[in-house]
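Just below is one structure, and these are the notes that go with it.
The values are calculated or read from the model by the stated rules, or taken from the named source; none is laboratory data. As the structure is a computational prediction, the values presented were derived from the model and not from experiment. When we count neighbours, we look across all protein chains shown, and the Cβ atoms used for this are built from the backbone with ideal geometry, even at glycine. Surface accessibility is based on the protein's heavy atoms, side chains included, excluding ligands, DNA and RNA. Shrake-Rupley method; radii C 1.70, N 1.55, O 1.52, S 1.80 Å.
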Amino acid sequence: MTNIDLRGKRALVAGVADAVGFGFAIAKSLAECGAQVAVASWPPAMGIFETMLRRGKMDDSRRLGDGRILEFSKIYALDAAYDTMEDVPADVRDNKRYSERGDFTIAGLVENWRKDFGPDSMDILVHSLANGPEAAKDVIDTSRRGYLSALGVSAYSMVSMVAKFGPLMPRGASAISLTYLGAQQVIQGYGGGMNAAKAALESDTKYLAFQAGRRYGIRVNTISAGPFATRAASATGKIKEYIEHYEMHAPLQERLTQEEVANVVSFIASPLASGITGSTVFVDKGFHAMGISGA
Ligand code: NAD
């Protein structure tokens with residue numbers, strides 16, 4: 001029998017702040033497969049996340065198939081809008097949710113990881129974060145600032161993370177991000193430059209696969225997930241409609257679960273997928289394949 005075996009692998013899932021998002025399900029699936037999992041959390045959401053963990057409010061969600069409880073090897077602070085502390089405006093740096101978090105930039109995260117785990121220690125890097133301040137606005141009504149913010153946080157952050165973690169990733173390691181069909185086709189209500197951010201992410205996946213593949217021997221892929229009612233997805237105000245639309249028109253008329261997405265991440269991260277890089281892998285019950293249905 002062939003199983004996904006990630007024992008002895010170390011993973012970081014960036015973009016975990018509750019038990020509902022894809023990031024948490026991915027962390028759990030990686031742990032089910034035997035990986036040691038750390039997470040990175042956005043400072044504005046991190047305090048509540050840590051409190052919920054401490055108070056045992058997430059214990060049920062943290063239970064693994066074999067009865068063990070998911071333990072994070074570390075919880076890092078990360079604001080993916082910033083590469084170094086010099087980029088951080090004074091009002092953010094002094095904000096009470098940031099000021100005690102040390103270096104929460106991408107460079108800081110990488111340096112903290114290197115101190116904690118040393119060279120060749122990043123086997124699985126998962127980018128499960130996105131943010132667009134104007135995501136609920138039509139693209140045509142989006143400001144330059146909102147558009148560029150969506151691109152910076154949701155797409156460039158993956159480039160920056162692969163560039164900075166690359167030297168700590170052994171050959172065969174894997175970097176994976178999460179994308180959405182709105183990159184490729186019009187999804188009404190998916191706006192604020194998030195469409196462009198996801199298109200950038202998908203194109204960068206190919207370039208990073210080539211360049212980080214040649215430089216470090218690592219793989220880079222992105223998973224295009226169907227809609228699921230997470231906190232980020234609720235920002236468009238349309239998530240319920242999207243889910244119902246998919247259920248009606250996808251080849252498989254079923255609701256997508258976080259586990260279905262997370263298990264594909266574990267597979268792609270594993271040596272079983274050693275031949276896959278530069279790919280956008282759809283996990284959406286087949287919706288992306290459709291033109292007209294129900295005619
Ligand atoms: P989520 O809200 O659980 O995850 C998004 C995470 O990003 C949150 O933990 C949030 O705190 C974090 N974040 C926001 N701004 C940040 C910043 N500046 N720096 C660091 N972290 C920041 O929602 P999710 O839907 O699980 O999103 C995870 C990924 O999946 C995203 O890339 C999203 O676009 C993608 N995705 C989601 C859906 C869906 O329908 N939920 C579909 C396809 C793709």
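Here GLN253 clears all of (1) part of a loop (DSSP other than H, G, I, E, B); (2) buried (at least 20 other Cβ atoms within 10 Å of the Cβ) except the condition numbered (2). Taken over the range 159-187, the criterion of being open to solvent by 20 Å² or more (accessible area, probe 1.4 Å), more than 15 Å from the ligand (Cβ to nearest atom) and farther than 22 Å from ALA81 by Cβ is satisfied by PRO167, PRO170, ARG171, GLY172, VAL186. Consider the range 21-51 and keep the residues that are part of a loop (DSSP other than H, G, I, E, B) and closer than 18 Å to LEU78 by Cβ. The one that is most open to solvent (accessible area, probe 1.4 Å) is TRP42. If you go through the range 74-111 and keep only what is surrounded by 14 or more Cβ atoms within 10 Å (Cβ to Cβ) and among the aliphatic types (A, V, I, L, M), you end up with ILE75, ALA77, LEU78, ALA80, ALA81, VAL88, VAL92, ILE106, ALA107, LEU109, VAL110.
Taking the criterion of being under 21 Å from the mean Cα position of the chain (by Cα) and free of Cβ contacts under 8 Å to residues at least 12 places away in the same chain, the only residue of the range 93-131 that qualifies is GLU111. Only one of the listed residues (ALA233, ALA135) is free of Cβ contacts under 8 Å to residues at least 12 places away in the same chain and buried (at least 16 other Cβ atoms within 10 Å of the Cβ). That residue is ALA233. Can TYR190 be described as over 25 Å from LEU148 (Cβ atoms) and either hydroxyl-bearing (Ser, Thr, Tyr) or open to solvent by 20 Å² or more (accessible area, probe 1.4 Å) (or both)? Spelling it out, it is not the case that TYR190 is over 25 Å from LEU148 (Cβ atoms) and either hydroxyl-bearing (Ser, Thr, Tyr) or open to solvent by 20 Å² or more (accessible area, probe 1.4 Å) (or both).
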